[in-house]
C-alpha cells in the first residue's frame, strides 16, 4: 500500500518579500499553510475571537460579524464586556506614532508617511526614526497612554497580507491606521481601524485624523468592538486546523505550480505604484 505523505509549504512572508520558489519545490508540495485565507491550513498572524463563545471569527475566507450581539445582550442572553475609555482618552496628547525598521519597503509606505507628516505630527521610532523611548511593551507603557493613532503600515501591498503590525495595535487602546493590500473586513471588526486607502490623499487622511482627535465621543466609538471581540494568538487555531486537516480524508494535490498559486496576481495594488505610494485613487484605477 502506498501512503501519500503530506508535504506542507508554510509561508508567513508576502510574495514581494519571498520572490522566488526554487524549481525543485514547484511540484513538491501538495498542501499550503500560509497567512492567506485560501490556504489549506490558514496560519494568520493573529485571530479575532468572540467573547460570547470564544470561537474564531476572523480572519477567515468568509467572515460574519455578528450584528445581533446587542439584541442578544438586551434579551439577557449574554453581557458584553464593559470598556470604559474616557480616562484613557483624556490622557492622550500626541497624534500619530510609528515604529519601523525597514526604511525602503516596496509598498511606498515611507513615501506616504513623509507626505502625511506635512499635515499632521507623526513620531517615527526605530531604525527609521528616533531612538525607541521604551525597551519592553512599548504599546502599553508609551503608545497607548500618549497617542491617538498608530500606523500599521505593511511593507507589501498583497492579498491577505496583514501582520502583527496591525494586531499589536488592536490589542491596546489606540486606533490603528492601516495601509495594505488586504480586504480588512476579513481581518478585524468594522469600526476598529481606519484604512488609509479610503482617502484620496495623505492630506485628506490627516484632516480626518485631526478632526477625530478633537471629538472624543466619536474617537471612543473605535473601541466599541472590544465589548464583543478580542485579539488572540493564532497558534492554537492553526495547530487545530492542521490536525483536523491531516486526520480528514481530504488530501489534494496542488494542480498548478506553487509559484503560480503563491505569486500570480497576488499584489495588484503594488504593481500599480511605479515607485509611488498608494491611495484611494490607486484602487479606483485598478478597478477601472
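Numerical summary
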| item | result |
| --- | --- |
| Mean projection area, nm², convex hull over Cα of segment 158-227 | 4.8 nm² |
| Difference of contour (0.36 nm per residue) and Cα-Cα distance, residue 55 to residue 230 | 62.0 nm |
| Principal semi-axes in Å for segment 178-269 [√(5λ), Cα gyration tensor, largest first] | 37, 22, 7 |
| Value of relative contact order over the chain, rounded to a whole percent, pairs C-alpha under 8 Å and six or more apart | 26 percent |
| Beta bridge orientation in the chain: antiparallel %, DSSP, nearest 5 | 25 percent |
| Förster radius 22 Å - calculated FRET efficiency between residue 274 and residue 17 (Cβ-Cβ, nearest 0.05) | 0.70 |
| Zero-based 5 Å bins, Cα pair distances in the chain, whole percents | 1, 5, 11, 14, 16, 16, 14, 10, 7, 4, 2, 1, 0, 0, 0 |
| Distance in nm between pseudo-label sites at residue 104 and residue 221 (7 Å out along the Cβ direction from Cα) | 4.3 nm |
| Spin-label pair residue 28/residue 239, simplified geometry with 7 Å Cα→Cβ offset, distance in nm | 2.6 nm |
| Choice from 230, 61, 214 with maximal GNM fluctuation in the chain (Cα, 10 Å cutoff) | 214 |
| Estimated inter-spin distance, residue 87 and residue 130, nm [label 7 Å along Cα→Cβ] | 2.7 nm |
| Most fluctuating residue given options 187, 245, 139, as computed from a GNM of the chain linking Cα atoms under 10 Å | 245 |
| Added length on full extension, which subtracts the Cα-Cα distance from 0.36 nm per residue, residue 111 to residue 285 | 60.7 nm |
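Read the figures in this text as sums done on the coordinates, not as results from a lab. Quantities reported herein were computed from a predicted structural model and do not represent experimental measurements. Glycine also receives a Cβ, built like all others from the backbone with ideal geometry; neighbour counts cover every protein chain displayed.
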